[in-house]
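Participant: The following block contains the structure, expressed as structure tokens.
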Amino acid sequence: MVSLEEARRLFDYAPASGSIKWRVSLKTARAGDAAGSGNGDGYGQVSVGGKRYMTHRMAWFLYYGSWPAGVIDHINGIRGDNRIANLRDTTVSFNCSNRRLDGAAGKSSMLGAQWNKQKQCWQSAYKPSGKPRVFLGLFDTAEAAHAAYVAAKTAETSQKSCAS
């Protein structure tokens, strides 16, 4: 596993944009170039010493100085968005609850937004870990329903981290 000193010697991480750039020139890259490449699933990866690291995990490591304890969840569901504000260290089950919907039959591709055919508006709900489903309300837009979902999930994550 790469040390923090070595990672910080090799990479510059911009927390506000999520970009990781090479700090040094190598055979295959110049200092200032974007580090890493896509893996085909929408995630980025970088190689150090022949070992591959996912860019979202490397971003976490560079920012906090330690590897995440669990898995890294992209809060907005966009796998390439490695802004530190969009990353959270969480459990596999919590991360799986953020999977994208397929957009079929009244579902939005936005997490937590579903079309209510009877009321002709968007609704939002989510299921907290180990608890019954919580209805979050009715909304004029899928974006507003999604925002309510994200706020509820963020509040749940904040409560868990304060309890630990």
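Participant: If you take the residues of the range 23-37 that are within 18 Å of M58 (Cα to Cα) and either touching a residue at least 24 places away in the same chain (Cβ under 8 Å) or touching a helix residue (DSSP H, G or I) at 6+ places or on another chain (Cβ under 9 Å) (or both), which of them is most open to solvent (accessible area, probe 1.4 Å)?
Facilitator: Selected residue: R23.
Participant: So, one more: Checking D81 against (1) part of a loop (DSSP other than H, G, I, E, B); (2) over 24 Å from M110 (Cβ atoms); (3) out of contact with any Lys or Arg (no Cβ under 8 Å at 6 or more places or on another chain); (4) not aromatic (F, W, Y): exactly one of these is not met. Which one?
Facilitator: (2)
Participant: Kindly indicate whether any position in the range 90-104 is buried (at least 17 other Cβ atoms within 10 Å of the Cβ) and either among the basic types (K, R) or modelled with pLDDT of 75 or more (or both).
Facilitator: yes
Participant: Here are G70, G65: which of them is open to solvent by less than 50 Å² (accessible area, probe 1.4 Å), modelled with pLDDT of 95 or more and touching a helix residue (DSSP H, G or I) at 6+ places or on another chain (Cβ under 8 Å)?
Facilitator: Only one candidate passes the filter, namely G65.
Participant: Given (1) at pLDDT below 90; (2) farther than 30 Å from P128 by Cβ; (3) out of contact with any Lys or Arg (no Cβ under 9 Å at 6 or more places or on another chain), where does L4 come up short, assuming only one miss?
Facilitator: (1)
The values are calculated or read from the model by the stated rules, or taken from the named source; none is laboratory data. Just so it is clear, the structure is predicted and the values come from calculations on it, not from any experiment. Every residue, glycine as well, gets a Cβ built from its backbone with ideal geometry; the counts of neighbours run over all protein chains shown. These area figures cover heavy atoms from the full protein model, side chains too; ligands, DNA and RNA do not enter into them. Shrake-Rupley method; radii C 1.70, N 1.55, O 1.52, S 1.80 Å.
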